[in-house]
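Novice: Dumping the structure here so I can ask a few things about it.
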Amino acid sequence: MSDWILTLSCDNRPGIVAAVAGRLAALGGNITEAHQFDDAMTGRFFMRVAFELEAPVEALEEGFAEDVALFGFDWTLRPAGAPRRVLILVSKFDHCMGDLLYRTRIGELNMEVAGIVSNHPSEVLNLTLHNGIPYHHFPVTRENRREQEARIKAVIEETGAELVVLARYMQILSDEFAEYLSGRCINIHHSFLPGFKGAKPYHQAHERGVKMIGATAHYITGDLDEGPIISQDVEHVSHADTPDDLVRKGRDIERRVLAQAIAWHIEDRVLLNGSKTVVFPK
Ligand SMILES: Nc1nc2c(c(=O)[nH]1)N[C@@H](CN(C=O)c1ccc(C(=O)N[C@@H](CCC(=O)O)C(=O)O)cc1)CN2
């Protein structure tokens, strides 16, 4: 018996759920979790199915090919529980990176950290939690940005990293690199988007006199901080809070929002829906 996760999206029409459930039942598959969403605004249909399978997965893939052709599925099929290989990018502030390394070490996040890439030397970061994970110092300037990104791309391909996490990596990726990473690069932005895009959002928020601050985890695109949102959260602040108070209070929001987004992504619980996402939480 093996466990699998199937995700699919397609133009909505009658018979999709019946076709998938019938295909699995015909092979003795047992559905253990199922989610679906019919986006009436766009006419798109989304589904995530977790199931146990006695038969070889090749038998399912062969039969499912007929459904893919009939319904035009955009689909993924992955063994459930397989750890995902993740590359973490960080600049100077390592609170999110440290949190991810801890959550991974205790088994809360089912992932393997393939490496850490920073545009700063390791001495700048408190890497006590990184216990032997390869660290790559790739300095970046406006002049060498393309070459620096090529070095990151080489690490991605050499390590088989399936997900890249910008854990407070404060460099804007080129359009080409963002396209290469489409759907598999998650950034934590330290504001409740779409408010306060760009650099220094806590200082922007303080200047605005906000009564709440937040954080947003999103897939990156060529448009800065405009990518599909995966997870967000907020906290109350007051007139007495300085920018440094907002930075301090924001760290916990950033950590939990990024960890939640990654946890959902590595379990195939996030499906892209144009410039938005569909999230099927546990
Ligand atoms: N192509 C994309 N790249 C990045 C995105 C994105 O959405 N698309 N998100 C940012 C993260 N970010 C805020 O969360 C951010 C990072 C950096 C900057 C910025 O102005 N950086 C300056 C250099 C700053 C420095 O050297 O300290 C720059 O790159 O010129 C704004 C927002 C990550 N990348």
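Novice: Which of the residues belonging to the stretch 220-269 are out of contact with any helix residue (DSSP H, G or I) (no Cβ under 9 Å at 6 or more places or on another chain) and free of Cβ contacts under 8 Å to residues at least 12 places away in the same chain?
Specialist: Of everything in the stretch 220-269, those that are out of contact with any helix residue (DSSP H, G or I) (no Cβ under 9 Å at 6 or more places or on another chain) and free of Cβ contacts under 8 Å to residues at least 12 places away in the same chain turn out to be 240, 248.
Novice: When you look at residue 31, is it part of a strand (DSSP E or B) and in contact with a Pro (Cβ under 9 Å, 6 or more places away or on another chain), yes or no?
Specialist: no
Novice: Being open to solvent by 20 Å² or more (accessible area, probe 1.4 Å), within 13 Å of the ligand (Cβ to nearest atom) and closer than 15 Å to residue 276 by Cβ: is that true of residue 216 here?
Specialist: No, not satisfied.
Novice: Consider residue 200 against the criteria (1) surrounded by 14 or more Cβ atoms within 10 Å (Cβ to Cβ); (2) away from the ligand (no atom under 15 Å from the Cβ); (3) among the basic types (Lys, Arg): it satisfies all of them except one. Which criterion is unmet?
Specialist: (2)
Novice: Does the stretch 51-61 contain any residue that is within 16 Å of the ligand (Cβ to nearest atom) and either touching a Phe, Trp or Tyr at 6+ places or on another chain (Cβ under 9 Å) or part of a helix (DSSP H, G or I) (or both)?
Specialist: No, the stretch 51-61 contains no residue that is within 16 Å of the ligand (Cβ to nearest atom) and either touching a Phe, Trp or Tyr at 6+ places or on another chain (Cβ under 9 Å) or part of a helix (DSSP H, G or I) (or both).
Novice: Which one of the conditions (1) touching a Phe, Trp or Tyr at 6+ places or on another chain (Cβ under 8 Å); (2) small (Gly, Ala, Ser); (3) open to solvent by 20 Å² or more (accessible area, probe 1.4 Å) does residue 209 fail to meet, given that it meets all the rest?
Specialist: Checking residue 209 against (1) touching a Phe, Trp or Tyr at 6+ places or on another chain (Cβ under 8 Å); (2) small (Gly, Ala, Ser); (3) open to solvent by 20 Å² or more (accessible area, probe 1.4 Å), the one that fails is (1).
Novice: Scan (1) modelled with pLDDT of 95 or more; (2) part of a helix (DSSP H, G or I); (3) open to solvent by less than 20 Å² (accessible area, probe 1.4 Å) for the single condition residue 98 breaks and write down its number.
Specialist: Every listed condition holds for residue 98 apart from (1).
Novice: Among what's in the stretch 168-194 and is more than 8 Å from the ligand (Cβ to nearest atom) and aromatic (Phe, Trp, Tyr), pick the residue that is farthest from residue 277 (Cα to Cα).
Specialist: Checked the stretch 168-194; the qualifying residue farthest from residue 277 (Cα to Cα) is 180.
Novice: Checking the structure you have, find out if any residue of the stretch 51-58 is open to solvent by less than 10 Å² (accessible area, probe 1.4 Å) and closer than 30 Å to residue 161 by Cβ.
Specialist: yes
Novice: Can you pull out every residue in the stretch 105-121 that is in contact with a helix residue (DSSP H, G or I) (Cβ under 9 Å, 6 or more places away or on another chain) and open to solvent by 40 Å² or more (accessible area, probe 1.4 Å)?
Specialist: Hits for the stretch 105-121 are 105, 108, 110, 112.
The values are calculated or read from the model by the stated rules, or taken from the named source; none is laboratory data. Not measured: the values here are computed from a predicted model. For neighbour counting, all protein chains shown are included, and Cβ atoms are generated from backbone atoms with ideal geometry for every residue, glycine included. Side chains included, ligands, DNA and RNA excluded: accessible areas come from the protein's heavy atoms. Shrake-Rupley method; radii C 1.70, N 1.55, O 1.52, S 1.80 Å.
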